[in-house]
1. From E119, E171, E141, grab the single residue that is surrounded by fewer than 20 Cβ atoms within 10 Å (Cβ to Cβ) and either without any contact (Cβ under 8 Å) to a residue 12 or more places away in the chain or assigned to a strand (DSSP E or B) (or both).
2. Please work out which residue is nearest to E282 (Cα to Cα), limiting yourself to region 203-244 and to residues that are open to solvent by 20 Å² or more (accessible area, probe 1.4 Å) and among the basic types (K, R).
3. Which numbered condition trips up S111, out of (1) surrounded by fewer than 21 Cβ atoms within 10 Å (Cβ to Cβ); (2) outside any strand (DSSP E or B)?
4. When you scan region 19-39, how many residues do you find that are in contact with a strand residue (DSSP E or B) (Cβ under 9 Å, 6 or more places away or on another chain) and assigned to a helix (DSSP H, G or I)?
5. Please verify whether G253 is open to solvent by less than 50 Å² (accessible area, probe 1.4 Å) and at pLDDT below 95, treating the condition exactly as stated.
6. Mind counting the residues in region 149-168 that are part of a loop (DSSP other than H, G, I, E, B) and either modelled with pLDDT of 90 or more or open to solvent by 30 Å² or more (accessible area, probe 1.4 Å) (or both)?
7. Give all pairs with beta carbons closer than 6 Å in which a residue from region 177-190 that is under 26 Å from D321 (Cα atoms) meets a residue that is among the basic types (K, R) and open to solvent by less than 30 Å² (accessible area, probe 1.4 Å); count only pairs at least 6 apart in sequence or on separate chains.
8. Looking only at region 190-197, decide whether some residue is at pLDDT below 95, surrounded by fewer than 16 Cβ atoms within 10 Å (Cβ to Cβ) and under 19 Å from the mean Cα position of the chain (by Cα).
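The values are calculated or read from the model by the stated rules, or taken from the named source; none is laboratory data. As the structure is a computational prediction, the values presented were derived from the model and not from experiment. We place every Cβ from the backbone using ideal geometry, glycine too, and count neighbours over all the protein chains shown. Note: areas computed on protein heavy atoms with side chains; ligands, DNA, RNA excluded. Shrake-Rupley method; radii C 1.70, N 1.55, O 1.52, S 1.80 Å.
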Amino acid sequence: MAKKQFLYENVYNDLKQKIECGDLKPGDKLEVEEDMIAHYGVSAITVKKALNLLAEEHRIRRIRGKGSFVMEYPEVGRIEVEEKAVLPEKSEIIQTGEPVLGVIFEHISSSYGLQIMYELEQQARKAGYHLYPCFSYGNRELETQSIRYLRGIGAKGMFVMPCHGSYYNTEILRLVIDGYPTVLIDKKLDGISLDSVRTDNVQSMSRLVRYFAENGKKKIGFITMEETGTSSLGERNEGFYQGISEYGMTPVGKCSLPYITYDNPVEVRGEIYRKQIAEYVERYSKELEGIVCGEYSVAMETEAVLEAKALKGRIEVCCMDENHIGSGQYKLTHIRQDEQKIAQCAMERMLDKLIGNTGEEKDYLIPGIFMEKIISEKE
């Protein structure tokens with residue numbers, strides 16, 4: 001089946017061809033973006049994606065307030081030299097002789113991600129590959145370096161858990177352009193021709209609302225992180241309100257916490273989150289019967305606030321994920337993401353790509369697993 005081509009690829013390929021054949025010469029100014037939008041019949045974001053790719057390859061230079069200009073070809077060679085300069089020799093990395101598959105995690109923890117890494121490694125070994133993990137810690141620059149690094153050491157394909165953010169990493173767009181075997185994990189990038197494997201977030205959040213409905217609790221709050229263009233957070237928001245509507249519940253406000261990068265210490269994030277959660281709880285404490293949290297870390301901060309305000313017994317918290325490894329954990333009703341199935345599905349798609357059975361790229365939604373809290377004798 002022919003590879004589906006997205007609109008930004010058409011714009012990118014057309015401009016690239018004009019540069020390479022000399023229709024656009026070094027120093028020439030490209031059409032302004034508004035004219036490109038009309039010329040190609042596409043959106044502004046489509047034009048920006050194409051121009052960003054060309055700028056990343058040093059084919060054009062974008063100057064704020066002046067426009068985009070074709071660069072001299074020596075600039076194209078320069079980026080290749082710069083990229084290779086930061087990569088170690090292959091002999092320093094690959095000792096086993098096994099072909100390598102890379103994986104780039106934004107982060108992993110005992111509540112989410114650790115089992116995915118274990119399962120991917122086992123599946124890769126069974127298929128005769130060595131799994132090489134990298135971490136971006138939510139940093140777009142580190143994500144870019146990791147992609148280039150894995151390609152530089154000869155990885156046959158890679159799994160990517162993309163960083164949060166409103167804009168796509170142009171290095172991921174380049175993977176699409178190059179037809180490099182790639183599978184996204186945990187998130188979907190709209191308009192990007194790549195397979196993605198992730199939890200069905202709408203179904204998961206709706207199930208948590210249903211839990212409260214089944215236990216006679218009608219007035220439910222929602223605490224999450226701002227979406228910043230990330231599909232999973234947007235869908236959790238959608239799932240919450242879908243459940244509210246379906247089960248005849250009453251939403252009690254909403255607390256959207258700012259996305260804080262992993263560069264900040266946990267203590268800093270916790271302090272900021274607790275302050276905003278405390279303000280939210282104080283405002284709605286007389287109404288709230290339950291709170292759904294979009295992430296486990298948010299649920300932990302919410303529990304701490306409720307305990308400090310002596311509301312923990314009256315207002316119940318449930319969330320996505322839990323710590324299934326830590327001692328004394330698994331105290332919250334939650335949706336456990338089926339990490340084993342996510343990893344197995346992702347590896348299955350990768351192995352298909354490596355033998356040329358690509359097919360049409362799809363978004364694979366894996367149902368979450370409902371886990372009701374364990375009530376101890378003390379409770």
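1. Only one candidate qualifies: E141.
2. The qualifying residue nearest to E282 (Cα to Cα) is K219.
3. If we test S111 against (1) surrounded by fewer than 21 Cβ atoms within 10 Å (Cβ to Cβ); (2) outside any strand (DSSP E or B), just (1) comes out false.
4. 2
5. For G253, the condition - open to solvent by less than 50 Å² (accessible area, probe 1.4 Å) and at pLDDT below 95 - is met.
6. The number of residues fulfilling the criteria is 9.
7. Cβ pairs passing all conditions: V183/R349; D186/R198.
8. Yes.
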